[in-house]
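Participant: The structure's right below; bear with me while I get my questions together.
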Amino acid sequence: MKKLTLHYSCLINAPREDVFAFHTDTQNLPRITPPWMQVRIVSSTPSHVILDIKRHFITTRWEVELSFDTHQWSITDTLHKGPLPFFKHHRRFIALENGKTCMDETIEMVLPLGWLGVLAHPFVKKETDTMFAFRHKATQAFFEKSVL
């Protein structure tokens, strides 16, 4: 099983504490999810969320464990049960000058179906790139509106 690792970062015009708090609240997930991808929160606790994610007319259930490190200003989402053998999303929030934040993200995943899954890496990367570009713009827009 070959792991696909993707890295994203963006600049957000808001203090680290606010951006961190926004991302620790799972109720904000639908706000930053692209419209072509429907996400429904089935249940949520501070350390666990169950999501139904619909993409290409197929709905999959994701049970995700959440861990927060307030000393390191990081959040890690790890797939506990779902459509992938392995999925981990790690976010770090880095305070910058003038009250801005760099959100630095790493996604690690293993696709199902062995070598067929490996063949799908370029397609999954392109789709994930598009999704995270949307998420970053939506997060930036949320804070730009709240500043005005």
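Participant: Taking the range 30-60 as the search range and keeping residues that are within 17 Å of Ala141 (Cα to Cα) and β-branched (Val, Ile, Thr), which one is surrounded by the most Cβ atoms within 10 Å (Cβ to Cβ)? If you could, list the steps in order and put the result at the bottom.
Facilitator: First pass over the range 30-60, keeping only residues within 17 Å of Ala141 (Cα to Cα): 30-35.
Now restrict to residues that are β-branched (Val, Ile, Thr): 32-33.
Values: Ile32: 20, Thr33: 18.
Within the range 30-60, the match that is surrounded by the most Cβ atoms within 10 Å (Cβ to Cβ) is Ile32.
Participant: Conditions: (1) crowded, with 16+ Cβ neighbours inside 10 Å; (2) in contact (Cβ under 8 Å) with a residue 40 or more places away in the chain; (3) under 15 Å from the mean Cα position of the chain (by Cα). Thr106 meets all but one. Number of the miss?
Facilitator: Only one criterion in (1) crowded, with 16+ Cβ neighbours inside 10 Å; (2) in contact (Cβ under 8 Å) with a residue 40 or more places away in the chain; (3) under 15 Å from the mean Cα position of the chain (by Cα) is unmet by Thr106, namely (1).
Participant: Of Lys145, Lys137, which residue is surrounded by 13 or more Cβ atoms within 10 Å (Cβ to Cβ) and either charged (D, E, K, R) or over 16 Å from the mean Cα position of the chain (by Cα) (or both)? Reasoning before the result, please.
Facilitator: On the way: Lys145 fails: surrounded by 13 or more Cβ atoms within 10 Å (Cβ to Cβ).
The conditions single out Lys137.
Participant: Among residues belonging to the range 71-86 that are farther than 28 Å from Trp115 by Cα and touching a residue at least 12 places away in the same chain (Cβ under 8 Å), point out the one that is surrounded by the most Cβ atoms within 10 Å (Cβ to Cβ). Don't jump to the end; show me each part of the working.
Facilitator: Taking the range 71-86 as the starting set, the residues that turn out to be farther than 28 Å from Trp115 by Cα are 71-75.
If we keep only those that are touching a residue at least 12 places away in the same chain (Cβ under 8 Å) too, we end up with 72-75.
Values: Gln72: 9, Trp73: 18, Ser74: 16, Ile75: 20.
So, considering only residues that are farther than 28 Å from Trp115 by Cα and touching a residue at least 12 places away in the same chain (Cβ under 8 Å), the one surrounded by the most Cβ atoms within 10 Å (Cβ to Cβ) is Ile75.
Participant: Going by the conditions given, is Phe143 part of a helix (DSSP H, G or I), farther than 23 Å from Lys3 by Cα and touching a strand residue (DSSP E or B) at 6+ places or on another chain (Cβ under 6 Å)? Break it down stepwise before answering.
Facilitator: Working: part of a helix (DSSP H, G or I): yes; farther than 23 Å from Lys3 by Cα: yes; touching a strand residue (DSSP E or B) at 6+ places or on another chain (Cβ under 6 Å): yes.
Answer is yes for this residue.
Participant: Looking at (1) more than 26 Å from Ala141 (Cα to Cα); (2) exposed (fewer than 13 other Cβ atoms within 10 Å of the Cβ), can you tell me which one Gln27 breaks?
Facilitator: (1)
Participant: Please go through (1) touching a Phe, Trp or Tyr at 6+ places or on another chain (Cβ under 9 Å); (2) within 20 Å of Phe134 (Cβ to Cβ) for Leu29 and return the number of the only condition it doesn't satisfy.
Facilitator: Checking Leu29 against (1) touching a Phe, Trp or Tyr at 6+ places or on another chain (Cβ under 9 Å); (2) within 20 Å of Phe134 (Cβ to Cβ), the one that fails is (1).
Participant: Looking at (1) closer than 25 Å to Asn98 by Cα; (2) over 14 Å from the mean Cα position of the chain (by Cα), find the lone condition where Phe22 falls short.
Facilitator: Unmet condition: (2).
Participant: Identify, by number, the condition in (1) modelled with pLDDT of 95 or more; (2) under 24 Å from Val64 (Cβ atoms) that His121 doesn't meet.
Facilitator: (1)
Participant: Ok, one more. Scan the range 63-120 residue by residue and report those that are outside any strand (DSSP E or B), among the aromatic types (Phe, Trp, Tyr) and either touching a Ser or Thr at 6+ places or on another chain (Cβ under 7 Å) or closer than 22 Å to His136 by Cβ (or both). Before the answer, list the steps.
Facilitator: Filtering the range 63-120 for residues outside any strand (DSSP E or B) gives 70-73, 82-85, 96-100, 111-120.
The next check asks that each one be among the aromatic types (Phe, Trp, Tyr); those that pass are 73, 115.
The answer is Trp73, and nothing else.
The values are calculated or read from the model by the stated rules, or taken from the named source; none is laboratory data. Just so we're clear, the structure is a prediction, and the values are computed from it rather than from any experiment. Every residue, glycine among them, receives a Cβ derived from its backbone with ideal geometry; neighbour counts consider all protein chains shown.
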